[in-house]
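Here is the structure we will look at, set down as structure tokens.
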Amino acid sequence: MAIHRHTGLVSKIFWRKAFGIVGLVLCLPLFGTLVTIEQVSEPVGFLSKTTVVGTGASLTTEKLELSKNGYYFSYWEKAGAKLSDSKGRSLTQPTIEVDAAFTLTAHYIHQSEDSDGDGIFDWFEYRKFGNLAELISSDPDGDGYTNGQEQSLGQDPTISDLVEDGGISSRRSIDFVFADKSLVHYEIKSEPIGFVDTTSGYAELNATVATPNLNGKTNGYLFAYWSVNGVRQASTTGKALSRLKHKLTSSANIVAHYLTAVEDSDHDGLLDVSELNQFGDLSQVADADADSDGFTNQKEDALGQESTVKDFVEDGGISSRQSKDFVFGDFNLVHYQIDSEPVGFINKSSGYVQPSTIVSTPSLYGEANGYRFAYWSVNGTRQASPNGIALSKLDLTLLSSSKIIAHYVRTLEDTDSDGIKDWMELHRFGQLDQDSADDADLDGFNNAQEVAAGQEPTIKDLVEDGGISSRQSIDFTYFVQGNRTPNGTTLSNNVFFANQPGDLLVGTLKPIDYDDPNQEGSYSYDLVDGPGSTDNGKFNLTGNKLETGRLIPEGNFSIRIRITDSNSAFAENIFQLKALLNGNSDNDSDGLTLDQEKIHSTNPNSADTDGDSYSDLMEVNFGSDPNDPSSVPNQAPHGLQLSENKTWENQIIGITIGTFSTSDSDANDSHSYAFIEGNGSTDNSLFSVDANGTLKTSSVLDFETSPILSIRVKATDLANESIEKVFPIQVLNVSVPIADTLPIQNKEGDIYQLTGKIFSNGEANITGYGFELDVSLKFENPKVFAGFINSETQKFSASTDLLEKGKSFYYRAFATNQEGSGYGSPIRFSTAASLTEWWVQAPEHSNGWRNSSWFGVFLPFDNGWAYHVEWGWIFVQDDKQGGIWLWKEGFGWQWTTKDIYPYLYRNNSAIWMYFLKKKNGILHFYNHNTKQVE
């Protein structure tokens, strides 16, 4: 049967193909008030456009993508009203008269949303009916197809579909469109949505669909695996496939699964994405060895190896892949990590090194952001000197994997409320069991006194006449309770470059003060007069930073600086400074240093010494004389273009794609072209480029494998200057041809002419066309007939006189290009019966049915069976003497002729019966022996 639909839809399809996507059409009058029309989408992201239009004009909306990223267009809305046609269907591109400013909203709904739970997608109801009031079982167009069936077939439930003989058309034709129930649906998307373009459609049974090739990280997520109808797709080793080519034997929901790059939901030390990619579930643990190769899952993951592929041990290490050459991971290496707790106080570092390697930490002390350094630990063990004080720096010999942590504690934190800050206790004692009144070193000074005096509570102090010793030694020093004058100050640097702009940092000042060994006190610095202050006026002090006050020439300079502590005690120092010429400076910003300018005898204060418009650096690099205005350099090419970057797939090797050209400021320069390795050169091997710049294919390209290819090309001029550029090459998709099967056009005697037509070549050359003919609708063992084509009408035909008489056949047209073959709808026909058949004299009614004047209406088949409107199924044999034998289940064989029917001779009982009629599905006979009706 064929399902015929309104031909306007076909016209619309061809119009769209001919003209593409049509933009906004405006008809502006010569006068009228200008107003603003906004076109937006809900949700946002599908459309946003602002147009200024004169009142009285008409405006046609943007032509929309009806489906995108898993959403379908549902309806336009203006001022709360849906824009629809007379039948309530949503208009996809309405035209509105403009009388004032307004906003048009294109509403999109997710493809699977069914908010009223009626089995019909919301977008379909709004698009086709304008509301959600329809039911899945309703049939508003009265064509025998429910809304649910029309939705699944992609048909319009408001246009009646008519059933006629001829089969179900599988391609669009001039006068009909059809829905083929043999097609299967597929959808390709990602979970979460957005990592791949959502695509869906209907394809022929056993067709193949291909997914993109996925791997790596995108927006904080990693690809885990593909699934088809919920089943993970994996290789024979169990690892997830990165790309699928799926044969459609039924409807398929194909999903690319992504997980966050840090997710470990089962806390087993393996990222979920790694477990699902390698194994397909979360049952593995970090210490397991799935492939029994001596590498744990965690080690394989860290080394970038496959946890499901066994790695073999060879001399020299452990191979990370089995191959001709191998890469190995050395189990002898030990891992280390240096970090702080809390994180952020030092730069985190980690790595693998040979055993006995020494790693060093930074030297830590003092306060940072409200925290103080307390101690270092290695694998949880505090590191201290023999007297128990925490080490400020570690030089650690690594014998095993080590986690090295710098522990910081809040400066004011005293969790045990003992009067001693926690960081001090942890730094000095390693624990919080000391009290302010305790005397850890038994020197008569409690902890509080030692901390207040700046002494070490773990080093015993001895009391002698004259004071309290600050260290235990043969000779002793005395701790004086009072402020001492600073000893002076140090300057971190006293040499700087001459002829630099003012505010150049010379060096940093730090105090020398025995009352402040950690340099934590508050000090001020000033330039003061006195011996050695000759050049004070050339410099400035900003806090503790000494800077130049102006451009200073090469030479020696002397300054005098005073340091004053918080108790107004001060000391003064004289500093000798030296200004050197900077051979690496570039005063004229021409790219040549001062040393280079001297070598080339160029002016260090002029970027173009000879005034020929080429900088000194350009001339030096090219080899021309920067002091001679008649000696000028070649300039490198500055533009590289390709005339065309698109080509059709599956074409023969050597097809020309386009030609390269180069922009160059040098007149009469010529260029040669070649591929170059580098970023974007992935697909260079698939193409060729000659020295003149002609780009051709060197392989057969496939859209399904790689729709976008990338090449990197280098153009070189006569002076060997060059420019490189990456070009994307777009591979255009070729589809199979669209062929239509037409009814038999001419029939003379036993000659039958089969006819077809090519509607589309699929954007590729047609390589063959003809017909398949078989007794089965499945075309399991067809005969193939080559066709002869009319190039103007694209109709083709083939004739045969070799068909068996009185038999039914199916035939269909086909056309072939390099992508494959496209088939038309099958058509059934029957050849004229042989004159020897018992039923041949009965006139044919329609579709093979015969109407016999004595035997009634029946449909004969080539194999001897017939279906009788009263008898039902019977098997009939001609007795070649004017009679027939007929067999029916339950009655056996019976014989009759035209002259005696409805009398029949029943063979198994050797009696005559008289056929009365069929009533309530039962055959009734009169038995002449028993004189009864049976």
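The values are calculated or read from the model by the stated rules, or taken from the named source; none is laboratory data. Just so it is clear, the model here is predicted, and its values are computed rather than measured. Here Cβ is always computed from backbone atoms with ideal geometry, including for glycine, and neighbour counts include all displayed protein chains. The area values use the complete protein model at the heavy-atom level, side chains included, leaving out ligands, DNA and RNA. Shrake-Rupley method; radii C 1.70, N 1.55, O 1.52, S 1.80 Å.
Is there any pair linking a residue in segment 843-858 that is in the same structural domain as W895 (by the TED database) and at pLDDT 80 or above to one that is in a loop (DSSP other than H, G, I, E, B) and hydrophobic (A, V, I, L, M, F, W, C), with Cβ under 7 Å and at least six apart or on different chains, and which? Taking only residues 6 or more apart or on different chains, the pairs are R850/W839; R850/A842; N851/A842; S852/A842; G856/V869; V857/W849; V857/V869; F858/V869. Among the residues of segment 825-842, those identified as open to solvent by 80 Å² or more (accessible area, probe 1.4 Å) and modelled with pLDDT of 75 or more are R828, Q841. Taking first residues from segment 616-631 that are farther than 16 Å from E597 by Cβ and part of a loop (DSSP other than H, G, I, E, B) and partners that are open to solvent by 30 Å² or more (accessible area, probe 1.4 Å) and modelled with pLDDT of 85 or more, the Cβ contacts under 9 Å between residues at least 6 apart in sequence or on separate chains come to P629/G611; S631/D625. Suppose we filter V231, V196, V184 for residues that are of a type outside the set (S, T, Y) and surrounded by fewer than 15 Cβ atoms within 10 Å (Cβ to Cβ); which single one remains? Within the list V231, V196, V184, the selection yields V231. Here segment 790-805 is the region considered, the condition is being open to solvent by 40 Å² or more (accessible area, probe 1.4 Å) and not in a loop (DSSP other than H, G, I, E, B), and the residue that is farthest from E819 (Cα to Cα) is S799.
Within segment 256-272, being open to solvent by 10 Å² or more (accessible area, probe 1.4 Å) and of a type outside the set (S, T, Y) holds for H257, L259, A261, V262, E263, D264, D266, H267, D268, G269, L271.
Does at least one position in segment 807-815 carry a residue that is on the phi > 0 side of the Ramachandran plot and part of a loop (DSSP other than H, G, I, E, B)? Checked segment 807-815: no residue is on the phi > 0 side of the Ramachandran plot and part of a loop (DSSP other than H, G, I, E, B).
Checked against (1) part of a strand (DSSP E or B); (2) open to solvent by 50 Å² or more (accessible area, probe 1.4 Å), P362 meets all criteria but (1). Does S41 satisfy the criteria of being at pLDDT 80 or above, in the same structural domain as F121 (by the TED database) and open to solvent by 30 Å² or more (accessible area, probe 1.4 Å)? Against the criterion (at pLDDT 80 or above, in the same structural domain as F121 (by the TED database) and open to solvent by 30 Å² or more (accessible area, probe 1.4 Å)), S41 does not qualify.
Checking the condition over 21 Å from the mean Cα position of the chain (by Cα), surrounded by fewer than 20 Cβ atoms within 10 Å (Cβ to Cβ), small (G, A, S) and closer than 24 Å to V309 by Cα, which residue from G238, G216 passes? Break it down into steps so the answer makes sense when it comes.
Numbers: G216 fails: over 21 Å from the mean Cα position of the chain (by Cα).
Just one listed residue meets the conditions, G238.
Residues G768, G787, G762: which one is open to solvent by less than 60 Å² (accessible area, probe 1.4 Å), touching a residue at least 60 places away in the same chain (Cβ under 8 Å) and not assigned by the TED database to the domain that holds S670?
On the way: G768 fails: touching a residue at least 60 places away in the same chain (Cβ under 8 Å); G787 fails: touching a residue at least 60 places away in the same chain (Cβ under 8 Å).
Answer to the check: G762.
On the stretch given as segment 273-300, residues that are open to solvent by 20 Å² or more (accessible area, probe 1.4 Å), in a loop (DSSP other than H, G, I, E, B) and not charged (D, E, K, R) total 11.
When S115 is tested against the conditions (1) open to solvent by less than 60 Å² (accessible area, probe 1.4 Å); (2) assigned to a loop (DSSP other than H, G, I, E, B), the lone failure is (1). Under the condition of being assigned to a loop (DSSP other than H, G, I, E, B) and open to solvent by 30 Å² or more (accessible area, probe 1.4 Å), the residues counted in segment 771-784 number 7. Just so you know, in segment 628-659 the residues that are over 26 Å from A715 (Cα atoms) and surrounded by fewer than 15 Cβ atoms within 10 Å (Cβ to Cβ) include one that is nearest to the chain's Cα centre (by Cα), and it is I652.
Of all residues in segment 482-497, those satisfying the criterion of being within 30 Å of L551 (Cβ to Cβ), among the β-branched types (V, I, T) and touching a residue at least 24 places away in the same chain (Cβ under 8 Å) are T489, V495.
Just give me the residues in segment 592-605 being open to solvent by less than 40 Å² (accessible area, probe 1.4 Å) and either within 27 Å of D664 (Cα to Cα) or in a helix (DSSP H, G or I) (or both), in sequence order.
Step one: filter segment 592-605 for residues open to solvent by less than 40 Å² (accessible area, probe 1.4 Å), giving 592-594, 597, 602.
L592, L594, E597, listed by residue number.
D513 meets the conditions (1) open to solvent by less than 20 Å² (accessible area, probe 1.4 Å); (2) under 60 Å from the mean Cα position of the chain (by Cα) in every case but one. The failed one is (2). Looking for something part of a strand (DSSP E or B) and either over 15 Å from the mean Cα position of the chain (by Cα) or modelled with pLDDT of 70 or more (or both) - is there at least one such residue anywhere in segment 163-175? So far as segment 163-175 goes, yes, one or more of its residues are part of a strand (DSSP E or B) and either over 15 Å from the mean Cα position of the chain (by Cα) or modelled with pLDDT of 70 or more (or both). Residues considered: L580, L617. Of these, the only one that is under 23 Å from R550 (Cα atoms) and either out of contact with any Cys (no Cβ under 8 Å at 6 or more places or on another chain) or modelled with pLDDT under 85 (or both) is L580.
Taking the conditions (1) assigned to a loop (DSSP other than H, G, I, E, B); (2) over 60 Å from the mean Cα position of the chain (by Cα) in turn, G848 satisfies each one other than (2).
For segment 558-591, enumerate the residues that are part of a loop (DSSP other than H, G, I, E, B), open to solvent by 20 Å² or more (accessible area, probe 1.4 Å) and in contact with a Leu (Cβ under 6 Å, 6 or more places away or on another chain). G591 - this is the single residue of segment 558-591 that is part of a loop (DSSP other than H, G, I, E, B), open to solvent by 20 Å² or more (accessible area, probe 1.4 Å) and in contact with a Leu (Cβ under 6 Å, 6 or more places away or on another chain). Being surrounded by 13 or more Cβ atoms within 10 Å (Cβ to Cβ), closer than 18 Å to T490 by Cβ and touching a Pro at 6+ places or on another chain (Cβ under 9 Å) is a condition met by at least one residue of segment 533-552.
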